[in-house]
Amino acid sequence: MPEALASLSLPELEELYRGPLGPAPAGDHVGTFLGFLDSAGGRDPRYRALSTVMFRWPRFGVDFHRQLWWFGARRIALGRFRAARGPSQWRDGEVIQVRYEPSRLPRAVKARMYDEVKPLPDGRVLGIGGIVDERGALDLFFFGLSPAV
């Protein structure tokens, strides 16, 4: 399913993100990096490099049942999270907020980490990866999620 998202332009992804919220995702999903956002963070070479190393190059995914991110072919679990429906930090509308309080990462790191996913009514899942900051500042990139097989 993210393949269908991967063919969309950034304006088309933005339009989808403004749409209605679908059912919450469940189970294990494989991620696809879709593109950097036109934001201060999305244009910053430091954040682009970090996002590339973490989300463009390796295989990654989200297990919504165990509430964790995984990376690589061996699915190394990192970034435990708590998912809750709520307002988007960066866009108008409701999303599933991904917050990292349960993670064992250093407190200063997990306090700044934030992602959100927008389950779409047709079953696709669109997300924004970023860092806690004012609206439009550190929303970094779009990603898609599809159920793992």
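Please treat every number below as a calculation from the coordinates, not as lab data. This is a predicted model, so every value here is computed, not measured. Positions of Cβ are backbone-derived with ideal geometry, glycine not excepted, and every protein chain shown enters the neighbour counts.
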Taking the alpha-carbon centre of each part, the distance from segment 86-149 to segment 1-42 in Å is 11
Largest fluctuation, Pro119, Pro20, Pro106 only, Gaussian network model of the chain with Cα springs under 10 angstrom, belongs to Pro106
Checking segment 76-149 for trypsin sites (Lys or Arg not before Pro) in a loop per DSSP with at most 10 other beta-carbon atoms within 10 Å yields Arg104
So, with points 7 Å from each Cα along the Cβ direction, the Arg74-Leu10 label distance in nm works out to 3.6
Largest fluctuation, Leu105, Leu37, Leu126 only, Gaussian network model of the chain with Cα springs under 10 angstrom, belongs to Leu105
Under 5 Å from the placed amide H of Trp70, counting only residues 5+ away or on other chains, we find Gly61, Val62, Asp63, Leu78
Computed ³J(HN,Hα) along segment 96-105: with the Karplus parameters 6.51/-1.76/1.60, θ = phi - 60°, integer Hz and x for glycine or proline, the list is 9, 7, 10, 10, 10, 4, x, 5, 8, 5
Calculated from DSSP helices alone, with each H run of at least 4 adding -39500 (n - 2.57) and the total divided by the residues of the chain, [θ]222 nm to the nearest 500 comes to -4500 deg cm²/dmol
Once the dipole of the chain is set up from charges on Cβ (+1 Lys and Arg, -1 Asp and Glu), the residue from the list Gly42, Val132, Ala24 lying farthest towards its positive end is Val132
Length gained, Ala111-Asp63, 0.36 nm per residue minus C-alpha separation, equals 15.2 nm
Looks like segment 1-80, by Cα gyration tensor root eigenvalues a ≥ b ≥ c and the a/c under 1.5 rounded cutoff (else prolate when a/b is bigger than b/c, oblate otherwise), is oblate
In debye to the nearest 20, the charge dipole size for segment 22-149, taken about the Cα centre with +1 at each Lys and Arg Cβ and -1 at each Asp and Glu Cβ, equals 540
In whole percents, the bins of 5 Å from zero upward hold the Cα-Cα pairs of the chain as 2, 10, 20, 25, 24, 14, 4, 0
